[in-house]
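Visitor: Sharing a structure below in structure tokens format, with a few things to ask.
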Amino acid sequence: MQSKKPAPRTLQQPPVPSAAVSSAQGTRLNKRLAELGLCSRREADDWIARGWVHVNGQVAAMGVKVTPQDRVTVERAAQRQQDSRVTILLNKPIGYVSGQAEDGHEPAVALINPRTHWRDDPSGLRFTPPHLRGLAPAGRLDIDSVGLLVLTQDGRVARQIIGEDSVMDKEYLVRVVYQGPGPVRAVAPGARPEPLQEISEHDPVSTNVQAVFPRELLERLRHGLSLDGQPLKPAKVEWQNPEQLRFVLTEGKKRQIRRMCEQVGLKVVGLKRIRIGRVTLGNLPVGQWRYLGAHERF
């Protein structure tokens, strides 16, 4: 007697709330999988093409739409594929661009090789060439900025950090000088305020900036500025030391911190990202990288 072929192992996912449905016909399946936090839309398309996604027990076709009442399942092969994907934390130096090479500058991914792998990496993983396949930055860091840059093969990680609905904290240390506008008090380190002195671009304050920078402008950095015609979300901004501010943002517009500072008369002379979500740069040396550990979560 012939034995019955076992059914494929699947991961059943709960229905998406009705508010997530984009039209009367439902939501595209790749978007549904992304909303469930299972993968990126690009990964979902790959899973669908491989026949790993089922709707109501049937292999799903590319481009199909689903409603909250539909039962969506994913074969465990998709999970196994994801488990083999890596996420890399790089301490990016000045002079490297986050994404594709541009204007003669190398992309940050060029630094991912065995020679620059941090010898104190606690993950226990060993570099292999397949770890470069599909590795892409999750967010950007300006060419003249340093610090934590995340590169990942995992669409779930990318969506957490830069997805449309992401509100993940990104923390920066920002060294500044004050160029105006308007009269401010010139104060030497440890001294009491002197009479008002006019500050111009030709006479910037680079030491004890905290003492001369108006409190009301610090409040504007926290909330009240706009970029590209759109108001910015509230930010946490405080003095780390007399020449350095600490920013915590939940959005990432192009050159956002530099442009925010320009609006209040500050010039950024150094910018370092030290944290994304719950993952910190720590002691990772400049120009070196490590793997995200199995138990680390953003």
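Visitor: Just a yes or no: is a residue in segment 245-266 in a loop (DSSP other than H, G, I, E, B), in contact with a Phe, Trp or Tyr (Cβ under 7 Å, 6 or more places away or on another chain) and among the aliphatic types (A, V, I, L, M)? Please lay out each step first, then the result.
Guide: The first filter runs over segment 245-266 and keeps only residues in a loop (DSSP other than H, G, I, E, B), leaving 250-255, 264-265.
Right, trim to in contact with a Phe, Trp or Tyr (Cβ under 7 Å, 6 or more places away or on another chain) and you get 265.
If we keep only those that are among the aliphatic types (A, V, I, L, M) too, we end up with none.
Scanning segment 245-266 turns up no residue that is in a loop (DSSP other than H, G, I, E, B), in contact with a Phe, Trp or Tyr (Cβ under 7 Å, 6 or more places away or on another chain) and among the aliphatic types (A, V, I, L, M).
Visitor: Within segment 276-287, count every residue that is of a type outside the set (A, V, I, L, M, F, W, C) and over 14 Å from the mean Cα position of the chain (by Cα). Let's see the steps before the verdict.
Guide: If we filter segment 276-287 for residues that are of a type outside the set (A, V, I, L, M, F, W, C), which is where we start, we get 277-278, 280, 282-283, 285, 287.
When the remaining residues are screened for being over 14 Å from the mean Cα position of the chain (by Cα), the result is 282-283, 285, 287.
Going through segment 276-287 one residue at a time, the tally reaches 4.
Visitor: Please pick out the residue among R259, R273 that is surrounded by fewer than 18 Cβ atoms within 10 Å (Cβ to Cβ) and under 20 Å from the mean Cα position of the chain (by Cα).
Guide: Numbers: R273 fails: surrounded by fewer than 18 Cβ atoms within 10 Å (Cβ to Cβ).
Only one candidate passes the filter, namely R259.
Visitor: Would it be correct to say that Q100 is at pLDDT below 85 and within 17 Å of the chain's Cα centre (by Cα)? Spell out the reasoning first.
Guide: Values: at pLDDT below 85: yes; within 17 Å of the chain's Cα centre (by Cα): yes.
Answer is yes for this residue.
Visitor: Looking only at segment 155-169, filter to residues that are among the hydrophobic types (A, V, I, L, M, F, W, C) and in a loop (DSSP other than H, G, I, E, B); which one of those is modelled with the lowest pLDDT? Outline the logic, then answer.
Guide: As a first pass, look at segment 155-169 and keep what is among the hydrophobic types (A, V, I, L, M, F, W, C): 157-158, 161-162, 167-168.
So of that shortlist, the ones also in a loop (DSSP other than H, G, I, E, B) come out as 167-168.
On the way: V167: 87, M168: 93.
The residue in question is V167.
Visitor: Modelled with pLDDT under 90 and more than 15 Å from L141 (Cβ to Cβ), is that true of V59?
Guide: On the way: modelled with pLDDT under 90: no; more than 15 Å from L141 (Cβ to Cβ): yes.
It is false that V59 is modelled with pLDDT under 90 and more than 15 Å from L141 (Cβ to Cβ).
Visitor: Return the residue satisfying two criteria in turn: it lies in segment 22-38 and is in a helix (DSSP H, G or I) and surrounded by fewer than 19 Cβ atoms within 10 Å (Cβ to Cβ), and of such residues it is modelled with the lowest pLDDT.
Guide: Restricting attention to segment 22-38, the residues satisfying the condition of being in a helix (DSSP H, G or I) are 29-35.
So of that shortlist, the ones also surrounded by fewer than 19 Cβ atoms within 10 Å (Cβ to Cβ) come out as 31, 35.
On the way: K31: 86, E35: 79.
It comes out as E35.
Visitor: Output the strands (runs of 3 or more DSSP E) that fall wholly within segment 51-154 and possess 1 or more residues being surrounded by 13 or more Cβ atoms within 10 Å (Cβ to Cβ) and not assigned by TED's automatic domain parsing to the domain that holds E35, or say none.
Guide: 87-92, 146-152
The values are calculated or read from the model by the stated rules, or taken from the named source; none is laboratory data. Just so you know, these numbers come straight off a predicted model, no measurement behind them. Please note: Cβ atoms are built from the backbone with ideal geometry, for glycine as well, and neighbour counts cover all protein chains shown.
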